[in-house]
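Participant: One structure, pasted below without further comment.
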Number of protein chains: 2
Amino acid sequence: MDVYDIIIIGAGSAGMSAAIYAKRFGMKTLVIGKVVGGLLNDSHNVENYPGFPSIPGFDLMMRFKEHVESLSIPIKEEWVETVTKNDDGTFSVKTEKERYTAKTILIATGTKHRHLGVPGEERLAGKGVSYCATCDAAFFKGKDVAIVGGGDSAAQAANLLAQHASHVYVIVRKDHMRAEPLNRERLEQNEKVDILYETKVVEVLGENSVEKIKLTKPFKGSDELAVQGFFVEIGADVQSELAKPLGVERNERGEIIIDAESRTNVEGVYAAGDVGNRKFKQAITGAAEGCIAAFSAYDYLQRKEHGREARFGY
Amino acid sequence: MDVYDIIIIGAGSAGMSAAIYAKRFGMKTLVIGKVVGGLLNDSHNVENYPGFPSIPGFDLMMRFKEHVESLSIPIKEEWVETVTKNDDGTFSVKTEKERYTAKTILIATGTKHRHLGVPGEERLAGKGVSYCATCDAAFFKGKDVAIVGGGDSAAQAANLLAQHASHVYVIVRKDHMRAEPLNRERLEQNEKVDILYETKVVEVLGENSVEKIKLTKPFKGSDELAVQGFFVEIGADVQSELAKPLGVERNERGEIIIDAESRTNVEGVYAAGDVGNRKFKQAITGAAEGCIAAFSAYDYLQRKEHGREARFGY
């Protein structure tokens, strides 16, 4: 059976960047990821990946994919179910289809969208309730929509929705938004947008599709808002469950704790991108962490197998 | 006088990435750098900046420049002579032309090419002696050249030179090259290339231009090699002199010591890219460090001026 030098779990910006570097280091490399491109695929427009002034998230990720494929690195579009450590120090990676073996593992599994958890939300999911404004905004042309969330993703999504919908209500739990100033300003200056601060959504109502949402605080005299679309942009949870059985340390948010070299506490196991515990998470920082992880894994194997430190540059 | 929120010194991949983020955070931003693009301009082909499978270094840096300019961020092509801290906590940045004031400073001044320091080298610089294969390789079509250096830059430069020159001698001090495996393999498999290990160059000879170089160890019976071009690729020294009077800590290589948030030991002063003390230095990692530095500077000013932590994402 093939033993890979590195198996990279996750095919977002961190995983694919790691693959590019690992392969260039001469490592036998495999990428396993069910969603090639990751959550960035859902990003309407990426304007802060240096080198691309403005590019749809999906297109940027296709550029990453082309880059990976130009190096003939295989990508398996499978779900990883478990990762276990073998007696000989290698790792077994089991997907729904197959079992793979590797000397090192990079966990770059990112995050998944968080749900609000209110009555009506699950029942009307896909019937007006959406977790991806980029994917669904265009379906709400000329309609009224609400979006819940106070972060930068919510601000971006609301700006996008305002290009299509008649009116956009932004429901923010706190008394301010934690968005990039540029995105927040665009939103505040848009006449089609109302921002409702210190307000929560307690229920999504509608027979066969979203008809209205119920608020904790009245807006213009009513605690119900008539909307046909309801977007949930309240964040994402890290997908770090695979790390647990390996003994990899995580913090209280479930993020994998990594050092400046993208190493976890377990030898041969690395993490990069949104699944890690960095404070500032962006496509560019995840990509860099992936490259650093590949270097660390290469350095680790060089020392282990050849007793030689890996060092590039000059 | 204008007070900038941040002055970024250096216009390479780290500095320009920082500028993109700083401006998007709403910061009043100025970039000062004599060489827009930095040393990456000299890179023949960049194949490891994720998203660009293969792009000349100069072209990649022009993409960065366009990105910066799309956000109307001013770039002053000036040399920074000194940075000093004022009594009110701001910083003064003095160039050969003007004096600027900022609340925070990012040092992203990178590196400069190292010289060998042997007789004949300075005298014949520009007359066959070169520090930039990318710039000068094409001038040596059909000629014999030597290149000194054992790192990845030397390997890349030698591969490039082999596309033009008749023959390429690579002079390596150690018994191996510390290059990316892919680059080293290309070199070893090239019939136009001889790699001379455990050999040093002690002199560059020639009347009006390079005629030969003198070695510490004979090759094919002679300690002199007849070449018309001599390329020095032995590394680069960090340009961190500006940091010293500010009390910024540096390591024994002169690299500025930064933490995971690109902060130095001095409040309001950040560093990113090749000038920093990261182990693994690449365009992608420098770009990420620049973005993180911009975030840290923004966070610092938010706390200082508004008593509020900056936090984005969800």
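Participant: Net charge around B:Ala133, counting only other residues with Cβ within less than 10 Å of its Cβ (Lys, Arg = +1; Asp, Glu = -1)?
Facilitator: Values: positive: none; negative: B:Asp42, B:Asp136, B:Glu233.
Net of charged neighbours comes to -3.
Participant: Follow-up question, since we're still on this one. For the range B:179-195, state which residues have at least 20 Å² less accessible area in the presence of all protein chains than in their chain by itself, taking the probe as 1.4 Å and leaving out ligands, DNA and RNA.
Facilitator: B:Glu180, B:Pro181, B:Leu182
Participant: Of all beta bridges DSSP finds with both residues in the protein assembly as shown, what is the antiparallel percent, to the nearest 5?
Facilitator: 40
Participant: If you build the Cα gyration tensor of chain B and take the root of 5 times each eigenvalue, what three semi-axes come out, in whole angstrom, biggest first?
Facilitator: 41, 19, 17
Participant: With heavy atoms of protein chains only and a 1.4 Å probe, what residues of the range A:15-60 have at least 20 Å² less accessible area in the full set of chains than alone?
Facilitator: By number: A:Tyr21, A:Arg24, A:Phe25, A:Glu47, A:Asn48, A:Tyr49, A:Pro50, A:Gly51, A:Phe52, A:Pro53.
Participant: Reachable lysines from A:Lys214, Cα under 29 Å, same-chain residues fewer than 8 places away excluded?
Facilitator: A:Lys214 reaches A:Lys112, A:Lys127, A:Lys141, A:Lys143, A:Lys174, A:Lys192, A:Lys200.
Participant: In whole Å, largest first, what are the principal axis extents of the Cα atoms in the range B:129-232?
Facilitator: Sorted largest first, the three principal extents are 38, 28, 22 Å.
Participant: Okay, next question. Output the antiparallel fraction of DSSP beta bridges having both residues in chain A, as a percent to the nearest 5. Please report the intermediate quantities before stating the final value.
Facilitator: On the way: 24 of 57 bridges.
Rounded to the nearest five, the antiparallel share is 40 percent.
Participant: Under the rule a/c < 1.5 gives rounded, and otherwise a/b versus b/c splits prolate from oblate, where does the range A:168-314 land using the Cα gyration tensor?
Facilitator: Because a/c hits 1.5 or more and a/b exceeds b/c, the range A:168-314 counts as prolate.
Participant: Describe numerically, in nm with one decimal, the distance between label points set 7 Å from Cα along Cα→Cβ at B:Ala260 and at B:Glu77.
Facilitator: The answer from the label model is 4.0 nm.
Participant: Ignoring ligands, DNA and RNA, what accessible area per residue does the protein assembly as shown give at 1.4 Å, in Å²?
Facilitator: Numbers: 26090 Å² over 628 residues.
Counting only protein heavy atoms, the per-residue value for the protein assembly as shown is 42 Å².
Participant: Quick check: net charge around B:Leu246, other residues with Cβ under 12 Å of its Cβ, Lys/Arg +1 and Asp/Glu -1?
Facilitator: Numbers: positive: B:Lys85, B:Lys244, B:Arg250; negative: B:Glu241, B:Glu249, B:Glu267.
Charge balance near B:Leu246 sits at 0.
Participant: Check the cysteines of chain A one by one and keep only those with no other cysteine Cβ under 4.7 Å from their own.
Facilitator: A:Cys291
Participant: Set the bar at 18 Å for Cα to Cα. Now go through A:Lys23/A:Lys65; A:Lys65/A:Lys244; A:Lys97/A:Lys244 and name every pair that lies beyond it.
Facilitator: Violating the 18 Å limit, Cα to Cα: A:Lys65/A:Lys244; A:Lys97/A:Lys244.
Participant: Here is a follow-up. Ordering A:Glu69, A:Glu121 by how much accessible area each has at a 1.4 Å probe, largest first, what is the list?
Facilitator: Sorted by accessible area, descending: A:Glu69, A:Glu121.
Participant: While we're here: State to the nearest 20 debye the size of the charge dipole of the range A:1-136 about its Cα centre, where the only charges are +1 on K and R beta carbons and -1 on D and E beta carbons.
Facilitator: For this selection, approximately 160 debye.
Participant: Right, something else. Distance from the Cα centre of the range B:76-134 to that of the range B:25-44, in angstrom?
Facilitator: Centre-to-centre (Cα) distance: 12 Å.
Participant: Return the carbon/sulfur percentage of the accessible area of the range A:129-232, one whole number, probe 1.4 Å, all protein chains in place.
Facilitator: 43
Participant: Could you quickly flag the chain B residue whose beta carbon comes closest to the rotation axis taking B to A, and that distance in whole angstrom?
Facilitator: B:Ala288, 2
Participant: With a Förster radius of 60 Å, plug the Cβ-Cβ distance of A:Lys143 and B:Val118 into 1/(1 + (r/R0)^6) and report the FRET value to the nearest 0.05.
Facilitator: Rounded to the nearest 0.05, the efficiency is 0.20.
Participant: Something else now. Assigning unit charges at the beta carbon (Lys, Arg +1; Asp, Glu -1) and nothing else, what dipole magnitude in debye, to the nearest 20, does chain A show about its Cα centre? Before the final figure, lay out each step's value.
Facilitator: Details: 40 positive and 45 negative charges, 59 e Å.
Rounded to the nearest 20 debye, it is 280 debye.
Participant: Net charge around B:Ala11, counting only other residues with Cβ within less than 12 Å of its Cβ (Lys, Arg = +1; Asp, Glu = -1)?
Facilitator: Counting the neighbours of B:Ala11, the net charge comes to 0.
Participant: Using a simple spin-label model with points 7 Å from Cα along the Cα→Cβ vector, what separation in nm is obtained for A:Asn45 and A:Lys65?
Facilitator: 2.3
Participant: While we're looking at this one, here's another question. Let me confirm one metric for peptide B:286-295, namely the mean number of other chain beta-carbon atoms within 10 Å of its residues' beta-carbons.
Facilitator: 5
Participant: Counting DSSP beta bridges in the range A:129-232, what percent are antiparallel, to the nearest 5?
Facilitator: Working: 8 of 24 bridges.
So the antiparallel bridges in the range A:129-232 amount to around 35 percent.
Participant: How much accessible surface does A:Lys192 have with a 1.4 Å probe, in Å² rounded to 10?
Facilitator: 70
Participant: When you look at the Cβ of every residue in B:273-285, what mean number of other chain Cβ atoms sits within 10 Å?
Facilitator: Averaged over the peptide's residues, the number is 5.
Participant: Below 8 Å, C-alpha to C-alpha, sequence gap of six or more: please give me the relative contact order for the range A:224-314 in percent.
Facilitator: Values: 96 pairs, mean separation 16.6, N = 91.
It comes to 18 percent, rounded to a whole number.
Participant: Residue by residue, what Karplus-based ³J(HN,Hα) values in Hz, rounded to whole numbers, does the range B:119-124 have, using 6.51, -1.76 and 1.60 with θ = phi - 60° and x for Gly and Pro?
Facilitator: x, x, 5, 5, 4, 9
Participant: Amide H of A:Thr95 versus every other amide H placed in the peptide plane: which residues, excluding those fewer than 5 positions away on the same chain, fall under 5 Å?
Facilitator: Amide H to amide H, under 5 Å and 5 or more residues apart or across chains, A:Thr95 pairs with A:Glu81, A:Tyr100.
Participant: Under a Cβ-only charge scheme (Lys and Arg +1, Asp and Glu -1), can you give me the dipole magnitude of the protein assembly as shown about the Cα centre, in debye to the nearest 20? Before the final figure, lay out each step's value.
Facilitator: Details: 80 positive and 90 negative charges, 29 e Å.
Dipole of the protein assembly as shown, to the nearest 20 debye: 140 debye.
Participant: Compute the label zone of A:Glu252 within the range A:269-285: residues whose backbone N is under 17 Å from the point 7 Å along Cα-to-Cβ.
Facilitator: A:277-279, by backbone N distance to the label point.
Participant: To the nearest 10 degrees, how steep is helix A:13-24 against the longest Cα principal axis of chain A, on a 0 to 90 scale?
Facilitator: 20
Participant: How far apart, in nanometres, would the label points at A:Glu191 and B:Ser54 be if each is projected 7 angstrom from Cα along the Cα-to-Cβ direction?
Facilitator: 5.3
Participant: Excluding ligands, DNA and RNA, what is the accessible area buried between chains B and A, summed over both sides, using a 1.4 Å probe, to the nearest 100 Å²?
Facilitator: Answer for the B-A pair: about 5100 Å² buried.
Participant: Separate question: Applying a 10 Å radius around every beta-carbon, put B:290-299, B:149-158, A:176-185, A:19-28 in order of their mean neighbour count, most first.
Facilitator: Going by the mean number of other Cβ atoms within 10 Å, highest first, we get B:290-299, B:149-158, A:19-28, A:176-185.
Participant: Percent relative contact order of chain A, based on C-alpha pairs within less than 8 angstrom and at least six residues apart? It would help to have the intermediate numbers written out before the result.
Facilitator: Numbers: 731 pairs, mean separation 63.1, N = 314.
Computed over chain A, the figure is 20 percent.
Participant: Let me ask something additional. Picking from B:Ala14, B:Ala236, B:Ala108, which is most flexible by a Gaussian network model of chain B using Cα springs under 10 Å?
Facilitator: In the Gaussian network model the winner is B:Ala236.
Participant: Sequence gap at least 6, Cα distance under 8 Å: using those rules, report the relative contact order of the range A:129-232 to the nearest whole percent.
Facilitator: Reported relative contact order: 31 percent.
The values are calculated or read from the model by the stated rules, or taken from the named source; none is laboratory data. The shown structure was predicted, so the numbers you read here are calculated from the model rather than taken from an experiment. Counting neighbours? That spans all protein chains shown, and the Cβs are built from the backbone with ideal geometry, glycine included. Keep in mind that these areas ignore ligands, DNA and RNA; they rest on the heavy atoms of the full protein, side chains included. Shrake-Rupley method; radii C 1.70, N 1.55, O 1.52, S 1.80 Å.
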